[in-house]
């Protein structure tokens with residue numbers, strides 16, 4: 001029986017992926033990626049930023065997909081977290097595809113995935129906080145609510161806390 005595979009083309013090194021718990025900054029369907037058992041990581045060597053020595057298009061790491069969560073690096077993108085990983089050397093696994101994310105099955109590879117020696121992923125050392133989109137507004141809600149909501153409600157200036165918060169957000173956004 002074949003298992004689902006998500007394959008990615010990245011310039012990042014194994015060390016970088018180990019530090020964040022997987023491979024990230026992908027534009028993908030998180031539900032589809034979550035349904036995959038494995039992630040095959042291929043080298044994008046056609047960039048000045050390539051962090052590894054592998055040939056372009058070669059698979060150099062395979063991860064067992066644990067979950068798909070918001071990227072800690074790029075807002076609006078995804079991190080495919082691995083529970084385990086294995087290093088590998090499989091030449092010419094990418095071909096001429098232009099999209100850096102592709103979906104396959106284990107039958108599409110000349111490899112016995114079950115025979116790989118998977119190691120547990122180390123605890124991530126890089127930030128585990130999802131990246132924030134630019135132009136986001138942070139509000140300390142307890143402070144905002146205590147800064148005059150009660151008085152404004154008593155004055156009848158606002159109908160409820162929600163209306164007051166929307167007013168404050170519009171006011172703060174006008175300063176950008």
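The values are calculated or read from the model by the stated rules, or taken from the named source; none is laboratory data. Source: prediction; values computed, not measured. Neighbour counts are summed over all protein chains in view; Cβ atoms, including those assigned to glycine, are modelled from backbone coordinates with ideal geometry.
Descriptive notes on the structure:
- In a residue-by-residue description of the range 58-79, the property of being farther than 25 Å from residue 127 by Cβ and surrounded by 16 or more Cβ atoms within 10 Å (Cβ to Cβ) applies to at least one position.
- Among (1) on the phi < 0 side of the Ramachandran plot; (2) surrounded by 15 or more Cβ atoms within 10 Å (Cβ to Cβ) - the single one residue 35 does not satisfy: (2)
- Of all the listed residues (107, 92), the sole one being outside any loop (DSSP other than H, G, I, E, B), farther than 17 Å from residue 23 by Cβ and at pLDDT 90 or above is 107.
- Residue check for residue 23: surrounded by fewer than 17 Cβ atoms within 10 Å (Cβ to Cβ) and touching a strand residue (DSSP E or B) at 6+ places or on another chain (Cβ under 9 Å): no
- Exactly one residue out of 63, 21 is within 16 Å of residue 113 (Cβ to Cβ) and in contact (Cβ under 8 Å) with a residue 24 or more places away in the chain, and it is 63.
- In the range 69-86, the residues that are in contact (Cβ under 8 Å) with a residue 40 or more places away in the chain, assigned to a strand (DSSP E or B) and in contact with a strand residue (DSSP E or B) (Cβ under 6 Å, 6 or more places away or on another chain): 69, 78, 79, 80, 81, 82, 85
- Residues in the range 4-18 that are over 15 Å from residue 86 (Cα atoms) and surrounded by fewer than 16 Cβ atoms within 10 Å (Cβ to Cβ): none.
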